[in-house]
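Enquirer: After the structure tokens below, expect a handful of questions from me.
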Amino acid sequence: MIEFSGTVKSKLPKTGTTIFTVMSALANEHQAINLAQGFPDFPCAPQLIELVNHYMKAGYNQYAPMPGVMALREKIAQKTQDLYSAVYDPEKEITVTPGGTHALYAAISAFIGDGDEVILIEPCYDSYLPAITVNGGRAKFVELKYPNYKVDWDEVKKLVNYKTKMIIINTPHNPTGTTWSAQDMQRLEKIVRNTEIIVLSDEVYEHIIFDGVEHQSVARYPKLAERSVIVSSFGKTFHTTGWKMGYVLAPAALTTEFRKVHQFMCFSANTPVQYAIADYLKNPSTYLELSAFYQEKRDTFRALIKGSKFKILPCEGSYFQLLSYAKITQEKDTDYAVRLTKEYKIASIPTSVFYHKNTDNQVLRFCFAKENETLEKAAEQLMKI
């Protein structure tokens, strides 16, 4: 073993291994049902695999164009126009990326520098804050209040000043499963009006939204869209999280700056997968039927644990269900998540890790993007508690 003899000054001294890696490893160690990390345990469509195989055999195995395969960008443009009546130029305003997390990091790196302030709405996906920190930015926090997890826009407005460069939003929301309304978007639009603030909108769960609710993409709102970078993910939509395939929508001026960073982080995304998804998108039902598919899973999981000691919190979108365990124990959520994994063989994610101050509401996040058989086995264990 070779030891490093120098001194390392960490850019992220307070950052350890992500909770998703920790809990998945713990689940494997104790042979627990993994409802922690957000990935499906069922296969993607056979047709999609056949298409990828087709393009691999056809020789599409070298670098794709840096912004992405044009056929795919054109399909993304059409999908966006059909859904949100927003027109994006495939040449200058759409970029294909190796996953949503890459897109988020590249966007933050492109626009945030030393001393710039970014408003984060917590709880939030754990990649946001490190990306801000490593680029010299400073995060300012607004907390969604338990148990409804709605945005207090007056609090957001109070944080805005001349240093504010970006506001990061996420709907449908991870980890709470809430969604933002048209009124939310209108309030945001008023706050950023006549400013230089960029909105970074994480919409990777855009097609997983329930009970007839309509996804409020910033693309629907022209005054927001003109200052927004939208991130989405085919991994979430097509049950292929391991393929790492996402995309970014942004006005040409913002896209130019985004691509300057993107090209040196990865240059381009997986070529045969891009061609395959472009073909697969010819059938809109591949994403339009996703909400009904996941609503059935949400409803199944909730029905299976009805009558348990857990309190089922509202879930309007994403594939995560929050459960309060306040009537079971007063343990810290990080401790209880570990004990639940070891003793009851169910792995979850403690929600305190999504707050910079580790706010503990005694709530755990469970992923229901699983086979019904998996959900039944997990529910059987939860009902024993």
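Enquirer: Does Y280 satisfy being buried (at least 19 other Cβ atoms within 10 Å of the Cβ) and in the same structural domain as V69 (by TED's automatic domain parsing)?
Expert: Yes: the conditions hold for Y280.
Enquirer: From I2, I76, I19, I49, which residue is closer than 22 Å to F354 by Cβ and of a type in the set (A, V, I, L, M)?
Expert: Checking each option against the conditions leaves just I19.
Enquirer: Now, a different point. So which residues in the stretch 119-160 are more than 19 Å from N358 (Cβ to Cβ), surrounded by fewer than 19 Cβ atoms within 10 Å (Cβ to Cβ) and touching a residue at least 40 places away in the same chain (Cβ under 8 Å)?
Expert: V134, N148, L159, V160
Enquirer: While we're on this one: Go through the residues of the stretch 169-179 one by one and say whether even a single one is out of contact with any Phe, Trp or Tyr (no Cβ under 8 Å at 6 or more places or on another chain), in a loop (DSSP other than H, G, I, E, B), touching a residue at least 12 places away in the same chain (Cβ under 8 Å) and under 22 Å from M245 (Cα atoms).
Expert: Within the stretch 169-179, not a single residue is out of contact with any Phe, Trp or Tyr (no Cβ under 8 Å at 6 or more places or on another chain), in a loop (DSSP other than H, G, I, E, B), touching a residue at least 12 places away in the same chain (Cβ under 8 Å) and under 22 Å from M245 (Cα atoms).
Enquirer: Still on this structure, please answer the following. Just the residues that are hydroxyl-bearing (S, T, Y) and in a helix (DSSP H, G or I), please, taken from the stretch 67-122.
Expert: The answer is T80, Y84, T101, Y105, S109.
Enquirer: While we're on this one: Considering only the stretch 269-385, give the helices (runs of 4 or more DSSP H) lying wholly within it that have at least 2 residues that are closer than 30 Å to T133 by Cα and without any contact (Cβ under 8 Å) to a residue 40 or more places away in the chain.
Expert: Helices (runs of 4 or more DSSP H) meeting the threshold: 333-344.
The values are calculated or read from the model by the stated rules, or taken from the named source; none is laboratory data. Every value quoted in this text rests on a predicted model; they were computed, and no experiment measured them. Counting neighbours? That spans all protein chains shown, and the Cβs are built from the backbone with ideal geometry, glycine included.
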